Amino acid sequence: MLTPERHRLILDLLKERHSVKIHELVDLTNTSESTIRRDLTQLEEDKYLKRIHGGAALLQGKLKEPNVSEKSAKNLQQKKVIAAEAASLVEEGDCIFLDAGTTTLQMVEYLSPEKEIVVVTNGLTVIEPLLSKGIKTYLIGGFLKPSTGAMIGRGALTALEQYRFDKCFLGVNGIHVELGYTTPDPEEAAMKMTALKLSREKYVLADYSKFGEIAFSRIAQLSEAKIITDEGEDEVLYPYTKNTAIKVVNT
C-alpha cells in the first residue's frame with residue numbers, strides 16, 4: 001500500500017473514531033508497526049493529528065473551548081497531582097498570579113494558609129476558595145467571560161499591568177513543539193501573555209491531553225515557561241524537552 005493511501009485511511013478512521021491504536025492501524029493497512037509509527041510522525045508534523053500513548057488522536061478544532069463545568073470533570077485526578085506539585089513551588093512571601101482555569105483552581109486546595117503570600121487572579125471561580133483559606137487575594141476587573149469565568153478585555157489588561165509577580169501559573173488549551181502555547185480566545189491569550197511578561201518564574205499547568213494540540217491564539221513560545229504535567233509517553237514528550245523544562249508528576 002502506498003504512503004498517501006495509508007495516510008488517507010488513517011485520517012478517515014480518526015475522523016470516524018477520534019482516536020486509534022497503533023495495532024489497529026497495523027491490521028488495517030497490513031503494514032509493520034515501524035511503518036505506522038513513521039506515518040503518524042509525518043502526519044503529526046503536518047498538523048493532521050497528535051500522538052498519544054499507543055496511538056494517535058484527532059486534533060480539536062482551533063476555536064473549540066469547553067466551558068468550566070466540562071473542563072472540571074475532565075482528567076480531574078491528573079489536574080490534582082499537577083496542582084499539588086505547582087503549589088509546592090509557592091514560597092513564603094511570594095506574590096503569584098493564578099490564571100482562570102480548572103487546574104489552577106485545584107491549586108488553591110494545596111496552598112498553605114500558614115505562608116504569607118499574595119494571589120492575583122483573573123479567575124472568578126478561584127476567589128471563594130482563596131478567601132475561605134484566608135489568603136490575601138486581588139481580583140483583576142474587566143469583562144467577565146461567562147464560559148470560563150475569566151476576566152478579560154482592555155480593563156483587565158490595564159489592571160494586570162500594575163502588578164509584578166514572583167511566579168505565575170497558567171492553563172493552556174494547546175502545547176505544540178513548533179507553535180508553543182495556545183488558547184482559543186485572543187483576549188484570554190493576551191492576559192496569559194502579559195502575566196508571563198510580568199513574572200520572574202513562569203509555569204504552565206497542563207495534563208497530557210494538551211500536548212500536540214493547537215488552538216487559535218498564540219500565547220508564547222515553549223521556552224517562555226516551564227511545564228508541569230502528568231505521566232506521558234517519553235517518545236511524545238521528548239521533543240518538547242529540547243525547548244523547555246518539563247516536570248512530570250505521577251498520578
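So here's what we get for this one:
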{"read-out": "Residues being crowded, with 16+ Cβ neighbours inside 10 Å, out of contact with any His (no Cβ under 9 Å at 6 or more places or on another chain) and outside any helix (DSSP H, G or I) - total across segment 32-55", "value": "3"}
{"read-out": "Residue ID - nearest to Gly180 (Cα to Cα), chosen from residues in segment 203-251 that are open to solvent by 50 Å² or more (accessible area, probe 1.4 Å) and either modelled with pLDDT under 90 or among the small types (Gly, Ala, Ser) (or both)", "value": "Ser223"}
{"read-out": "All positions within segment 161-177 that are of a type outside the set (Val, Ile, Thr), open to solvent by less than 10 Å² (accessible area, probe 1.4 Å) and under 30 Å from Thr41 (Cα atoms)", "value": "Leu170, Gly174"}
{"read-out": "Residues of segment 73-108 satisfying the condition of being under 20 Å from Glu231 (Cα atoms) and either polar (S, T, N, Q) or touching a Cys at 6+ places or on another chain (Cβ under 8 Å) (or both)", "value": "Asn75, Gln77, Gln78, Ser88, Thr102, Thr103, Thr104, Gln106"}
{"read-out": "Filtered residue count, segment 1-30, keeping only those that are over 30 Å from the mean Cα position of the chain (by Cα) and not polar (S, T, N, Q)", "value": "8"}
{"read-out": "Any chance Tyr163 is over 23 Å from Thr121 (Cβ atoms) and either of a type in the set (Phe, Trp, Tyr) or in contact with a Cys (Cβ under 7 Å, 6 or more places away or on another chain) (or both)", "value": "no"}
{"read-out": "Answer residue from segment 52-100, given it is basic (Lys, Arg) and at pLDDT 85 or above and is farthest from Leu144 (Cα to Cα) among those", "value": "Lys80"}
{"read-out": "Qualifying residue in segment 153-160 (condition: more than 26 Å from Glu91 (Cβ to Cβ), β-branched (Val, Ile, Thr) and surrounded by fewer than 16 Cβ atoms within 10 Å (Cβ to Cβ))", "value": "yes"}
{"read-out": "Helices (runs of 4 or more DSSP H) within segment 79-171 that include 1 or more residues closer than 18 Å to Met193 by Cα and not acidic (Asp, Glu)", "value": "102-107, 154-160"}
{"read-out": "Hits in segment 127-152 - residues which are open to solvent by 50 Å² or more (accessible area, probe 1.4 Å) and in contact with a strand residue (DSSP E or B) (Cβ under 9 Å, 6 or more places away or on another chain)", "value": "Leu131, Lys136, Tyr138, Leu139, Phe143, Leu144"}
{"read-out": "Among residues of segment 10-23, those that are surrounded by 15 or more Cβ atoms within 10 Å (Cβ to Cβ), in contact with a helix residue (DSSP H, G or I) (Cβ under 8 Å, 6 or more places away or on another chain) and assigned to a helix (DSSP H, G or I), counted", "value": "4"}
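The values are calculated or read from the model by the stated rules, or taken from the named source; none is laboratory data. Just so you know, these numbers come straight off a predicted model, no measurement behind them. Heads up, the Cβs are rebuilt from the backbone with ideal geometry, glycines too, and the neighbour counts pull from every protein chain shown. Keep in mind that these areas ignore ligands, DNA and RNA; they rest on the heavy atoms of the full protein, side chains included. Shrake-Rupley method; radii C 1.70, N 1.55, O 1.52, S 1.80 Å.
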